[in-house]
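The structure appears right after this line, and notes come after that.
The values are calculated or read from the model by the stated rules, or taken from the named source; none is laboratory data. Just so you know, these numbers come straight off a predicted model, no measurement behind them. Neighbour counts are summed over all protein chains in view; Cβ atoms, including those assigned to glycine, are modelled from backbone coordinates with ideal geometry. To get the accessible areas, we keep the full protein, side chains included, count just its heavy atoms, and leave off ligands, DNA and RNA. Shrake-Rupley method; radii C 1.70, N 1.55, O 1.52, S 1.80 Å.
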Amino acid sequence: QVRIVESGGGLVQSGGSLTISCEASGNNFNIKSVGWERLAPGKQRELIAEISSGRNPNYADSVKGRFTISRDTAKNAMYLTMHNLKPDDTADYFCYVDGTVNFGLGPSGFRSWGQGITVTVSS
């Protein structure tokens, strides 16, 4: 089982910056792609950033140019750096990890989710 723990959320003023983090732990796994989704009050859940090994990241139009997704493969950690935050960015943010685990019977795909973290942007 691959466990994902998020950290770094909180309250920030409009125009400010914040980085949220996500760390994966477990045994015998490889990460292929990671991403961040968010769920804002009264809105549908939105995929905002994703990155796969060896490929350029993709961003939703709502965050393009302001948010950056990155990885530290040595730490199995993922980050979402957010600049020029707006009140509309207020949401619960969830990271996910797609990969494979192998316990001797061949690779098996998985997707694991973080617990969610709240980012609140005040006007």
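Of everything in the stretch 71-94, what is among the polar types (S, T, N, Q) and open to solvent by less than 40 Å² (accessible area, probe 1.4 Å)? Give them in sequence order. If the condition is that a residue be among the polar types (S, T, N, Q) and open to solvent by less than 40 Å² (accessible area, probe 1.4 Å), then Thr81, Thr90 are the ones that fit. On the basis of being of a type in the set (Val, Ile, Thr), open to solvent by less than 90 Å² (accessible area, probe 1.4 Å) and at pLDDT below 95, does Val63 make the cut? Taking the combined requirement at face value, the residue does not satisfy it. Take Asp92 and decide whether it is farther than 17 Å from Glu6 by Cα and either in contact (Cβ under 8 Å) with a residue 12 or more places away in the chain or acidic (Asp, Glu) (or both). Spelling it out, it is not the case that Asp92 is farther than 17 Å from Glu6 by Cα and either in contact (Cβ under 8 Å) with a residue 12 or more places away in the chain or acidic (Asp, Glu) (or both).
Of all residues in the stretch 67-78, how many are of a type in the set (Lys, Arg) and part of a loop (DSSP other than H, G, I, E, B)? Qualifying residue count for the region: 1.
Screening the stretch 95-109 for residues that are within 16 Å of the chain's Cα centre (by Cα) and not charged (D, E, K, R) and picking the one that is surrounded by the most Cβ atoms within 10 Å (Cβ to Cβ) gives Cys95. Of the set (1) touching a helix residue (DSSP H, G or I) at 6+ places or on another chain (Cβ under 9 Å); (2) open to solvent by less than 20 Å² (accessible area, probe 1.4 Å), all apply to Glu6 but (1). Restricted to the stretch 18-57, and to residues that are outside any loop (DSSP other than H, G, I, E, B) and open to solvent by 90 Å² or more (accessible area, probe 1.4 Å), which residue is farthest from Arg3 (Cα to Cα)? By that ranking, first place goes to Lys32.
Every residue, every condition in (1) in a loop (DSSP other than H, G, I, E, B); (2) closer than 17 Å to Ala40 by Cα, yes or no:
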residue: Ser62; (1), (2): yes, yes
residue: Gly65; (1), (2): yes, no
residue: Leu80; (1), (2): no, yes
residue: Cys95; (1), (2): no, yes
residue: Asp98; (1), (2): no, no
residue: Gly109; (1), (2): no, no
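Close Cβ contacts (under 7 Å, 6 or more residues apart or on different chains) running from residues in the stretch 1-18 that are closer than 14 Å to Asp92 by Cα to residues that are modelled with pLDDT of 95 or more and hydroxyl-bearing (Ser, Thr, Tyr) comprise Glu6/Ser21; Ser7/Ser21; Gly8/Thr19; Gly8/Ser21; Gly9/Tyr93; Gly9/Thr118; Leu11/Thr120; Leu11/Ser122.
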